[in-house]
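Encoded as structure tokens, the structure appears first; notes follow it.
The values are calculated or read from the model by the stated rules, or taken from the named source; none is laboratory data. Note that the coordinates shown come from a computational prediction; the quantities given were computed from them, not determined experimentally. Every residue, glycine as well, gets a Cβ built from its backbone with ideal geometry; the counts of neighbours run over all protein chains shown.
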């Protein structure tokens, strides 16, 4: 009689923690943002405008550059925060920051003549932000048994209805 040998073609599908999914999504968002900006340098006239000190309608000043760095640092820090914040703060932070990033991302396409290029970049970034919002919104909840609830350090002490 032949014994069936386990197949080596079956792939193991490990459960990935929400924090890792969020950090990966913010990393993807940052790559998309950076590459849209880098590829925009190939648009005719872009380098000439930069050389005379203009980006779109804005003068290139120290204030402009500091503001741009600050705005880009937010999603950059979200990579780290997504891996380090406690679950409740992590969820709230991701929901707030991703929600604010959607209109900011959309603003970058306003007034652009290269609608297809910037539109595709915007669409891809918004898809990643939607994934972040969905992942944070549907963060799995742990249900505790009554015994764990009464002894947990994270919860209030168990109270009877008379004490409440």
Could you tell me whether residue 62 is more than 19 Å from residue 124 (Cα to Cα) and in contact (Cβ under 8 Å) with a residue 60 or more places away in the chain?
-> no
Is there a residue being touching a strand residue (DSSP E or B) at 6+ places or on another chain (Cβ under 6 Å) and either surrounded by 11 or more Cβ atoms within 10 Å (Cβ to Cβ) or modelled with pLDDT of 95 or more (or both) anywhere in the stretch 68-75?
-> no
With respect to the numbered conditions (1) surrounded by 13 or more Cβ atoms within 10 Å (Cβ to Cβ); (2) touching a helix residue (DSSP H, G or I) at 6+ places or on another chain (Cβ under 8 Å), which one is the sole condition not fulfilled by residue 137?
-> (1)
Residue match in the stretch 34-51 (condition: over 24 Å from residue 142 (Cβ atoms), touching a helix residue (DSSP H, G or I) at 6+ places or on another chain (Cβ under 6 Å), at pLDDT 90 or above and assigned to a helix (DSSP H, G or I)) = yes
Qualifying residue in the stretch 34-51 (condition: over 17 Å from the mean Cα position of the chain (by Cα), surrounded by fewer than 12 Cβ atoms within 10 Å (Cβ to Cβ) and more than 25 Å from residue 116 (Cβ to Cβ)) = yes
Restricting attention to the stretch 98-121, which residues are modelled with pLDDT of 85 or more and touching a helix residue (DSSP H, G or I) at 6+ places or on another chain (Cβ under 6 Å)?
-> 98, 101, 102, 105, 121
Only residues that are surrounded by fewer than 17 Cβ atoms within 10 Å (Cβ to Cβ), over 22 Å from residue 124 (Cβ atoms) and under 11 Å from the mean Cα position of the chain (by Cα): list them for the stretch 76-95, please.
-> 80
Does the stretch 19-28 include one or more residues that are surrounded by 11 or more Cβ atoms within 10 Å (Cβ to Cβ), more than 19 Å from residue 134 (Cα to Cα) and free of Cβ contacts under 8 Å to residues at least 24 places away in the same chain?
-> no
The one condition in (1) within 20 Å of the chain's Cα centre (by Cα); (2) modelled with pLDDT under 95 that residue 59 fails to fulfil = (1)
